[in-house]
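The values are calculated or read from the model by the stated rules, or taken from the named source; none is laboratory data. Values in this document were obtained by computation on a predicted structure and should not be read as measured data. Methodologically, a virtual Cβ is constructed for each residue, glycine included, from the backbone with ideal geometry; neighbour enumeration extends over all protein chains shown. Surface accessibility is based on the protein's heavy atoms, side chains included, excluding ligands, DNA and RNA. Shrake-Rupley method; radii C 1.70, N 1.55, O 1.52, S 1.80 Å.
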Amino acid sequence: MDCMDLFIKKRIKAIRKGDQNAYADLVDLYKDKIYRLCYRMLGNRHEAEDAAQEAFIRAYVHIDTYNPEMKFSTWLYRIATNLTIDKLRKRKPDVYLDEELNGTDGLTMQAQLPSREASPEEAVESLELQETVQRAIDQLPEKYRSVIVLKYIEDLSLQEISEILELPVGTVKTRLHRGREALRRQLGHL
């Protein structure tokens, strides 16, 4: 057991005894990673903030169900991933980008969106590429999106992804392969 695992286990014992400051320590430790996971899954900063906050609340409320044999981060990632998947399933688009706007003689919502281009000096190609890749990830079905985000953005092992999603490693590998293929098709023009 490394130093970090020991710290986390001590904090969890303190939380179970009612020490809320101990939970604040865990939130500080994982808030950026959980937010990033939620953002990559949902593609919206506001929704990601809400989802990350909800994930931490759920973890706190259900801390007694945490199994100390499992890594805390895996348990927390599972909560956040399941929460974002639920949100994706419930999501209904309010406006379609190719929908015509009333009284605009064929103008679509997409034409109304501000251009994402920065000034020529600031137009960093890597930023544009990141946005393109994020849009492609957003288009993936959630079963592929979750494994792609956990593997390539959160840099988790296949075993950790398997534990978070409660899937066999073989299924994780298959979904990764199919997710990569779908991304390759979407990003083939790059």
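Details
- Residue list for segment 2-22, filter: open to solvent by less than 40 Å² (accessible area, probe 1.4 Å) and more than 18 Å from Arg78 (Cα to Cα): Ala14, Ile15, Ala22
- In this structure, Arg145 does not satisfy being basic (Lys, Arg) and open to solvent by 50 Å² or more (accessible area, probe 1.4 Å).
- Here is the figure for segment 56-87: residues that are surrounded by fewer than 18 Cβ atoms within 10 Å (Cβ to Cβ) and polar (S, T, N, Q) total 4.
- Residue within segment 36-49 that is farther than 15 Å from Val149 by Cα and open to solvent by less than 90 Å² (accessible area, probe 1.4 Å) present: yes
- Looking only at segment 163-190, residues that are in contact (Cβ under 8 Å) with a residue 24 or more places away in the chain and either assigned to a helix (DSSP H, G or I) or closer than 18 Å to Met41 by Cβ (or both) come to 13 in all.
Results for (1) hydroxyl-bearing (Ser, Thr, Tyr); (2) over 24 Å from Leu176 (Cα atoms); (3) modelled with pLDDT under 90; (4) in contact with a helix residue (DSSP H, G or I) (Cβ under 9 Å, 6 or more places away or on another chain), shown as yes or no for each residue.
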site	(1), (2), (3), (4)
Met109	no, yes, yes, no
Pro114	no, yes, yes, no
Ala118	no, yes, yes, yes
Glu131	no, no, yes, no
Ile137	no, no, yes, yes
Pro141	no, no, no, yes
Tyr144	yes, no, no, yes
Val149	no, no, no, yes
Asp155	no, no, yes, no
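- The set of residues from segment 27-81 being in contact (Cβ under 8 Å) with a residue 24 or more places away in the chain and of a type in the set (Val, Ile, Thr) comprises Val27, Ile34, Ile63, Thr74, Ile79, Thr81.
- So Met1, is it at pLDDT below 95 and not in a helix (DSSP H, G or I): yes
- Some residue of segment 85-94 being at pLDDT below 90, out of contact with any Pro (no Cβ under 7 Å at 6 or more places or on another chain) and more than 20 Å from Arg145 (Cβ to Cβ): yes
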